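Taking it in order: structure first as structure tokens, then the write-up.
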Amino acid sequence: MVDSNQQETTTAAAGQQEFTARLRQSPLEFWYREIDASGQEFGLDRFKGFHDGHRLVLGVVEIPDSCITDVAREDERLHLSWVDLETGQPEQATLRVYKRAAALKQAIDFGLSRRRFQAQLERQAAGGMGHACRSTICTHCQAQVFTFEPDELAPQVYCGYCDALNTTIEVPGLNDVEKDYRICGRCGMYSRPQWFSITYFYFLVFHAGVHHQAVYCCAGCMRRSAWLMLLGNLPFLLGFPYAVVQFIRVYRDTNRRGIFARLDVANLLMQRGKIEPALEEYGKIIERHPVSAGVLFNIAVGLVKQGDYQAAQRTLEMAVENCSNYLPAQQMLSDLVNQTWQATARPFDDVAVAEGPDETGAAKLTD
């Protein structure tokens, strides 16, 4: 990150030119199938597409990068949104992109993030607040992240394109692993989620089939599914090797060493209702890595489960101090403040309708 917005914008523009020039020389090629509204793939044929830094080509359809408004990824599936250049109408499509889904999303996000940053910068500058805008290039996906920080720069920045935290200060042993940590879609905790496969092969008297599902979750959340898959595939043998592979992955990838050692253990304790032991484990991680908005978020979740809403609110405020744009902490903090306001607001009655909420409580919340 740099102190000058102008310098950062110039650096980002130079980086974009270099990136697009590289894609022009060697476009990102991929094979895909389109997915219908029911989630099924169209036909058996695969089609070839490419992205060259300025346009996305899907068969005979050509979409300029400037028209793409959003892209989301679920394993090999990409959800695309764009505006039709001729009609001006919004369009959407879901694709199964073979082997290159992550690379394609990153390539699209590269340009999309820079267009969004420029638009946000212009809006803030028009309101006289351009000096408070900050730009960070995500070290994990190379997207350009916008933050609004009128005072000093926070030590962490959240990238909404890859959902990972970027620590801008030097922390030994963090740079190589931080990109893998984010909020798990199942338990809602800061952890190390991955893509796992849940596969069942079954053979009945007159019928045989296979059930396959890709899930994105942490190793702790996957444990129960791994055991069920192992036992469920055992009678039919064919699916047993697949179950063993996922079972090994679940227990092999548990955090045993490094700066986030025993984070999975703490999350499992939290899910099982053992709040105090979980908070102790989180505390040990904070001792090793004090600037960690994600772990502070987990601590706040535990405090909420204990009913200690004030301590949870203070912890979330610390998380936001560490990372001013950390969306999970911002959302949870907003919910807690709203709940506190509703709990302290005096009910309306016929005598004191004009008084409204308790002024003292409202003033505290406003501060």
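The values are calculated or read from the model by the stated rules, or taken from the named source; none is laboratory data. Everything quoted here is computed from the prediction, not taken from an experiment. Positions of Cβ are backbone-derived with ideal geometry, glycine not excepted, and every protein chain shown enters the neighbour counts. Heads up: the accessible areas ignore ligands, DNA and RNA and are worked out on the full protein's heavy atoms, side chains in. Shrake-Rupley method; radii C 1.70, N 1.55, O 1.52, S 1.80 Å.
For the pair Trp341 and Arg257, the difference between a 0.36 nm per residue extended length and the Cα-Cα distance amounts to 26.0 nm. Seen through its C-alpha gyration tensor, with square-root eigenvalues sorted a ≥ b ≥ c, the stretch 56-157 comes out oblate because a/c lies at 1.5 or above while a/b is not bigger than b/c.
Positive-end ranking of Asn338, Pro64, Leu279 along the dipole of the chain, with charges on Cβ about the Cα centre, is headed by Leu279. Zone of Thr168 (label point 7 Å along Cα→Cβ, backbone N under 11 Å): which residues in the stretch 315-330? Counting only backbone N, you get 323-325. Here each label is just a point 7 Å from Cα along the line to Cβ, and for Ala132 and Leu231 those points are 5.6 nm apart. Close amide H partners of Glu74, meaning residues 5 or more places away or on another chain with modelled amide H under 5 Å apart, are His79. Using a probe of 1.4 Å, the accessible surface attributed to Glu29 totals some 90 Å² when neighbouring protein chains are kept in position.
Counted by Cβ distance under 14 Å from Ile285, the other residues give a net charge of +1, where Lys and Arg count +1 and Asp and Glu count -1.
State in Å² the accessible area per residue of the stretch 60-107; use a 1.4 Å probe, count heavy atoms of protein chains only, and round to the nearest integer.
Normalised by residue count, the accessible surface of the stretch 60-107 is 58 Å².
If you take the square roots of the eigenvalues of the alpha-carbon gyration tensor of the stretch 78-138 and sort them as a ≥ b ≥ c, do you get rounded (a/c under 1.5), prolate (a/b over b/c) or oblate?
The shape class here is oblate.
Here's the list of lysines a cross-link from Lys48 could span, going by alpha-carbon distance under 28 Å and ignoring same-chain residues fewer than 8 apart: Lys99, Lys105.
Dipole magnitude for the chain: computed about the Cα centre from +1 point charges on Lys and Arg Cβ and -1 point charges on Asp and Glu Cβ, it is near 1720 debye.
Within the chain, the selection of entire DSSP H helices by a Cα span of 27 Å or greater along the long axis and an average Kyte-Doolittle value of at least -0.5 returns 101-126.
A simple spin-label model places the labels of Thr139 and Ser26 2.5 nm from each other, with each point 7 Å out along Cα-to-Cβ.
Full extension of the chain between Gln306 and Arg224 gives 27.0 nm of extra length, using 0.36 nm per residue less the Cα-Cα distance.
Using a 1.4 angstrom probe on heavy atoms only, work out the carbon and sulfur share of the accessible area of the chain in %. Please list the in-between numbers first.
Numbers: 10740 of 20330 Å².
Here carbon and sulfur together make up 53 percent of the probe-accessible area.
Taking square-rooted eigenvalues a ≥ b ≥ c of the alpha carbon gyration tensor, is the chain rounded, prolate or oblate, where a/c under 1.5 means rounded and, failing that, a/b exceeding b/c means prolate? It is oblate, given that a/c is not under 1.5 and a/b is not larger than b/c. Based on protein heavy atoms only, the stretch 285-332 ends up with 43 Å² per residue of surface accessible to a 1.4 Å probe.
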